[in-house]
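Participant: My structure is below; once you've seen it, I'll send some questions.
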Amino acid sequence: MGGIALKILIIEDERTLADSLKVMLNSKGFETDTVYDGESGEQYALLDVYDLIILDIMLPGKNGYQVAKSLRKNHISAPILMLTARADIEDKVQGLNAGADYYLTKPFDSRELLACINALLRRQGTQVNELVFGNTHLDLESAALVCGESSVSLSAREFEVMRLLMTSGKNHLSKETLLTKVWGYDSNAVENHVEVYVGFLRKKLTSIGSDIRIEAVRRLGYHLECDGQC
């Protein structure tokens with residue numbers, strides 16, 4: 001697939017199926033996490049770091065309907081692909097009303113699953129090739145910052161921090177949010193890690209003549225400003 005891997009969360013209690021989905025999706029260039037019950041799946045999904053969620057309905061703890069409703073209530077906008085052994089139209093309607101974007105009945109062909117995933121990602125706009133702020137472009141395929149004829153490559157973590165900043169624009173992005181989304185929920189990283197990577201990005205922006213400034217606001221985090229037209 002090239003570029004930075006898109007992240008998919010698999011919430012499925014049939015471990016054999018969940019693990020085979022993980023292997024198949026990893027082989028296609030996706031980055032995946034696998035969770036085997038509804039409550040853990042909900043906690044992972046609420047981190048809002050996933051580009052797509054594959055959600056089974058019959059789960060221990062919370063069922064898929066409950067998880068989907070909770071995610072939509074908490075403004076998680078990632079597409080939800082619901083899996084189920086139930087083929088009744090009432091079940092499909094309930095799943096869609098709970099917040100699912102598509103409904104796939106077990107058993108399914110891996111090609112059908114991939115087609116659904118790609119369709120949902122396209123619809124979501126996940127496959128946009130660049131983000132733009134001021135006179136600077138972030139190339140999502142090559143993980144490079146581009147300004148005019150100048151460009152500079154970013155490490156994976158620099159890329160993730162910059163992508164989140166450019167997506168938020170002039171809205172504040174807290175250090176805690178950056179830590180969770182870039183380093184992960186169970187990471188040992190601390191706020192100083194964020195400050196170090198923001199420092200790296202500031203130097204790289206200056207090196208290519210960007211008009212973007214990463215502004216820090218005490219207790220609120222970071223946001224972008226630019227000296228030209230934003």
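Participant: Can you give me the Cα centroid spacing of the range 148-196 and the range 73-110 in angstrom?
Facilitator: One Cα centre to the other: 32 Å.
Participant: Right, another one. Could you give the length gained on full extension between S207 and N192, defined as 0.36 nm per residue of separation minus the Cα-Cα distance, in nm? Numbers along the way, then the final one.
Facilitator: Working: separation 15, 0.36 × 15 = 5.40 nm, distance 2.29 nm.
So the chain would gain 3.1 nm between S207 and N192.
Participant: Would you calculate a helix-derived [θ] at 222 nm for the chain, using -39,500 (n - 2.57) for each DSSP H run of n ≥ 4 and dividing by the full residue count, to the nearest 500?
Facilitator: Helix-only estimate at 222 nm: -12000 deg cm²/dmol.
Participant: Another question about this same structure. Over all distinct Cα pairs, what is the inverse of the mean 1/r for the range 7-124, reported as the Kirkwood hydrodynamic radius in Å? Working shown, then result.
Facilitator: Working: mean 1/r = 0.0723 Å⁻¹.
By the Kirkwood definition, the hydrodynamic radius is 13.8 Å.
Participant: Hey, another quick one. Could you list the square roots of 5 times each eigenvalue of the Cα gyration tensor of the range 130-226, that is, the equivalent ellipsoid semi-axes, sorted largest first and rounded to whole Å?
Facilitator: Values: eigenvalues 91, 42, 25 Å².
Computed over the range 130-226, the values are 21, 14, 11 Å.
Participant: At 37 °C and a viscosity of 0.692 mPa s, what translational diffusion coefficient does Stokes-Einstein give for the range 153-207, taking Rh as the Kirkwood radius over Cα pairs? Give it in µm²/s as a whole number.
Facilitator: Details: Rh = 11.4 Å.
Reported coefficient: 287 µm²/s.
Participant: log10 I(q)/I(0), Debye, Cα-only the chain, no solvent, q = 0.08, 0.14, 0.18 Å⁻¹?
Facilitator: Here the Debye-derived log intensity ratios amount to -0.34, -0.92, -1.28.
Participant: Residue by residue through the range 135-152, what is 3J(HN,Hα) from phi via Karplus (6.51 cos²θ - 1.76 cosθ + 1.60, θ = phi - 60°)? Round to whole Hz and write x for glycine and proline.
Facilitator: Per residue, the Karplus-derived 3J(HN,Hα) values read 9, 10, 10, 9, 7, 6, 7, 9, 6, 10, 8, 10, 9, x, 8, 9, 8, 9 Hz.
Participant: Next up: How much net charge surrounds E12 when only other residues with a Cβ under 12 Å from its Cβ are counted (Lys, Arg +1; Asp, Glu -1)?
Facilitator: -3
Participant: Right, here's the next one. Using the Cα centre of the chain as origin and beta-carbon charges of +1 (Lys, Arg) and -1 (Asp, Glu), tell me which of C147, Q94, F159 is placed farthest towards the positive end of the dipole.
Facilitator: Farthest along the dipole direction, towards plus: C147.
Participant: Give me the distance in nm between label points sitting 7 Å out from Cα along the Cα-to-Cβ direction at D109 and S77, one decimal.
Facilitator: That separation, rounded to one decimal, is 3.4 nm.
Participant: Among the listed pairs K28/K170; K73/K181; K22/K73; K7/K170; K22/K204, which are separated by more than 31 Å between their Cα atoms?
Facilitator: From the list (K28/K170; K73/K181; K22/K73; K7/K170; K22/K204), the Cα-Cα distance tops 31 Å for K28/K170; K22/K204.
Participant: At what distance in nm do the modelled label points of K28 and S153 sit from each other, each positioned 7 Å from its Cα along Cα→Cβ?
Facilitator: 2.8 nm
Laboratory data are not the source of any read-out in this text; all were calculated from the coordinates shown. Please read all numbers here as calculations on a predicted model, not as lab measurements. Please note: Cβ atoms are built from the backbone with ideal geometry, for glycine as well, and neighbour counts cover all protein chains shown.
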